[in-house]
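Rule-based calculations on the coordinates, nothing more; no lab input. The structure displayed is predicted, hence computed values, not measured ones. Note: ideal-geometry Cβ built from the backbone for every residue, glycine included; neighbour counts use all protein chains shown.
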Amino acid sequence: MSCIQTVALGAYLLGSLDPAERSAFERHLRGCAICRREMLRLAPLPGLLSQVRLEDLELPFEDPAPGPDLFPLPAPEPAPEPEPEPVAKRRWPVLAGVGVLVAVVVAVAVLAFRPDAAPVRWQASDGGTGVSAQADLVAKSWGTELWLSLQSIPPGQRCKLLVHDRTGKTEVGGWWGTDHGADERIPGSTSFRLDQIERLDVVVDQKVLVSVRP
């Protein structure tokens, strides 16, 4: 099965949708398991792209051989022949985009066929908010895959997952609306390695509902 909305996933992950389009797509995500699975699969790509340097992907090409001259100009006066020089090489910046695309496709293929590691499960409850969380963390070559199950979370809210590593750095691991079934697992991801993660915070309007630690 496929969904026509998956074509918007790339723009959504790269932050290219305007606020109205983003809100509409997030509403679609809540009801589309196909797009949620595809979003989880593609979530690492913005991080991979940020690590690619254009100079590593630009390829040298020989100057192309000239084609036939349909409108020849009069021959110039002969000039003294210069010393022989090596044939110049040019870099074509447009090929950098192609190189990035190839790198992304290769990365997706590697991630798709790499066997998953066994998940590590963290659990916690917050006595103040009453929210309980269970997090399954799966180590990946690009970072860590996250799956959350939440209980007693207030409906009609927009949640954010903050991932903190042991050096004090923080990444946003995902966004979602709280209008979902109690048994639904919520996907997320981070570039931090599993052994680097210090805790996960589930946040609504800057308020931490529950913190999950090893």
Calculated FRET value between R213 and C32, using beta carbons and R₀ = 41 Å, to 0.05: 0.80
Label-to-label distance, nm, for residues given as S125 and L17 (7 Å Cα→Cβ offset): 3.6 nm
Potential extension, D136-D183 segment - 0.36 nm per residue separation minus Cα distance: 15.5 nm
